[in-house]
1. How much net charge surrounds Glu26 when only other residues with a Cβ under 11 Å from its Cβ are counted (Lys, Arg +1; Asp, Glu -1)?
2. Specify the angular offset, from 0 to 90 degrees and rounded to the nearest 10, of the alpha carbon long axis of helix 3-18 from the longest principal axis of the alpha carbons in the chain.
3. Leaving out ligands and nucleic acids, and using a 1.4 Å probe, what accessible area per residue does the chain come to in Å²?
4. With all protein chains present, how much of the accessible area of the chain (probe radius 1.4 Å) comes from carbon and sulfur, to the nearest whole percent?
Amino acid sequence: GHWREGASRSGYGACLTAMERFAEAEEELLKAHSILVDQVGATDIATEGARERLVVLYDAWGKPKIADDYR
């Protein structure tokens with residue numbers, strides 16, 4: 001639950017998105033976002049990055065309505 005775990009998961013999730021492994025990316029990115037919100041807050045730059053990665057994921061996955069929830 002440390003913020004560094006969240007940051008690492010966020011980066012890994014971005015890699016999985018790039019490889020089009022969307023379900024795995026979603027799991028990592030949602031966990032990352034949750035950890036970062038808990039550890040550093042919703043407005044921290046790391047949390048904002050995780051949120052942006054969720055938008056990229058859902059746009060790439062063809063789920064724009066879910067992406068809009070994180071915009």
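1. Details: positive: Arg21, Lys31, Arg53, Lys63; negative: Glu24, Glu27, Glu28.
Taking every Cβ under 11 Å from that of Glu26, the sum is +1.
2. Helix 3-18 and the main axis of the chain meet at about 10 degrees.
3. On the way: 4270 Å² over 71 residues.
So the chain comes to 60 Å² accessible per residue, rounded to a whole number.
4. Working: 2190 of 4270 Å².
Using a 1.4 Å probe with all protein chains present, the chain comes out at 51 percent carbon and sulfur.
The values are calculated or read from the model by the stated rules, or taken from the named source; none is laboratory data. Everything numeric in this text was worked out from a predicted model, so none of it was measured. In this analysis, Cβ positions are derived from the backbone assuming ideal geometry, glycine residues included, and neighbour counts consider all displayed protein chains. Please note that ligands, DNA and RNA were not included when accessible areas were found on the heavy atoms of the full protein model with its side chains. Shrake-Rupley method; radii C 1.70, N 1.55, O 1.52, S 1.80 Å.
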